[in-house]
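Take a look at the structure set out below.
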Amino acid sequence: MSVSQPVRPLRRRAPRNSLNPDRILDAAVSLLDRDGPEAFTMRALAQQLGVGTMAVYSYFKGKDEINDAVARRLLDTIELPPGGSPDPGCELREVCRGVYRLFTEHPSALQLLTLRAVRGDDAIAVIDRMLGLLRRAGLPPDEAARAHIALMQYTIGSALWCTRRERALCEEGARDRLRARLDSLSAERYPSLAALAPELMCAQGEGSALYEVGLDAMLRGLLPPRR
């Protein structure tokens, strides 16, 4: 009497000769955004593509090379505004918004760019553009350097807050639990928080609009008045 073996699910194979670097990077971006760089493996990537692991190695030497290529591709999506505007503050605002969009649309980008040095000029071009705009706006070198770092800290921190907050609030019942928690606060002990609970709940979903409110306030405080 034969013992039946568990049936393994068939892996859908990719069409012959359909694999290429762009398709590999598309799948890598999807996996990295979903699972994060720590969980990203060549085996998982191959399964996503429907190919054997060695097929991926035909195009990339390993995970590090793919991570570098993904980081360069994502940085290349930042749309720098046309130069030469009479208002460098407006250009600077658009650069910051582009960085914010990158990190909110692709949460993995932040980890990739901070975990390892990226080979290529894309990140350097963004930094150079921001510093040049700050100098054009009238800031001396030391203040321009500090303003650049402050803007990047705010932009990256806001993107990180937004993506993590949205992920947490997307869990089933999360918004109801938060609303119930705010409603249960003692108005005597936490008068301001209890009074503004409805407004705080509404603001939770404003995302990029809140970032831009803060960005405009920072630019007004950092840049000298236009003459």
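All conditions but one from (1) of a type in the set (A, V, I, L, M); (2) touching a residue at least 60 places away in the same chain (Cβ under 8 Å); (3) assigned by TED's automatic domain parsing to the domain that holds residue 164 apply to residue 29; the one that does not is (3). Free of Cβ contacts under 8 Å to residues at least 60 places away in the same chain and out of contact with any Lys or Arg (no Cβ under 8 Å at 6 or more places or on another chain): does that describe residue 144? Spelling it out, it is not the case that residue 144 is free of Cβ contacts under 8 Å to residues at least 60 places away in the same chain and out of contact with any Lys or Arg (no Cβ under 8 Å at 6 or more places or on another chain). List the pairs whose first member sits in the stretch 148-163 and is in contact (Cβ under 8 Å) with a residue 12 or more places away in the chain, whose second member is outside any helix (DSSP H, G or I), and whose Cβ atoms are under 8 Å apart, counting only residues at least 6 apart or on separate chains? Once the first residue is in contact (Cβ under 8 Å) with a residue 12 or more places away in the chain and sits in the stretch 148-163, its partners that are outside any helix (DSSP H, G or I) give 162/207. The residue of the stretch 21-65 that is nearest to the chain's Cα centre (by Cα), among those that are of a type in the set (Gly, Ala, Ser) and assigned to a helix (DSSP H, G or I), is 30. Can you confirm whether the stretch 89-104 contains a residue that is at negative phi, of a type in the set (D, E, K, R) and loosely packed, with under 14 Cβ neighbours inside 10 Å? No, the conditions are met nowhere in the stretch 89-104.
Answer with yes or no whether residue 215 is of a type outside the set (Gly, Ala, Ser), surrounded by 15 or more Cβ atoms within 10 Å (Cβ to Cβ) and farther than 26 Å from residue 148 by Cβ. For residue 215, the condition - of a type outside the set (Gly, Ala, Ser), surrounded by 15 or more Cβ atoms within 10 Å (Cβ to Cβ) and farther than 26 Å from residue 148 by Cβ - is not met. Of all the numbered requirements in (1) surrounded by 13 or more Cβ atoms within 10 Å (Cβ to Cβ); (2) free of Cβ contacts under 8 Å to residues at least 24 places away in the same chain, residue 198 misses one, and that requirement is (1). Take the conditions (1) surrounded by 16 or more Cβ atoms within 10 Å (Cβ to Cβ); (2) closer than 30 Å to residue 135 by Cβ; residue 107 misses just one of them, which is (2). For the stretch 201-225, a tally of residues being free of Cβ contacts under 8 Å to residues at least 60 places away in the same chain and touching a Cys at 6+ places or on another chain (Cβ under 9 Å) returns 1.
The values are calculated or read from the model by the stated rules, or taken from the named source; none is laboratory data. What you see is a predicted model, and the numbers here were worked out from it, not measured in a lab. Cβ atoms come from the backbone with ideal geometry, glycine included; neighbour counts cover every protein chain shown.
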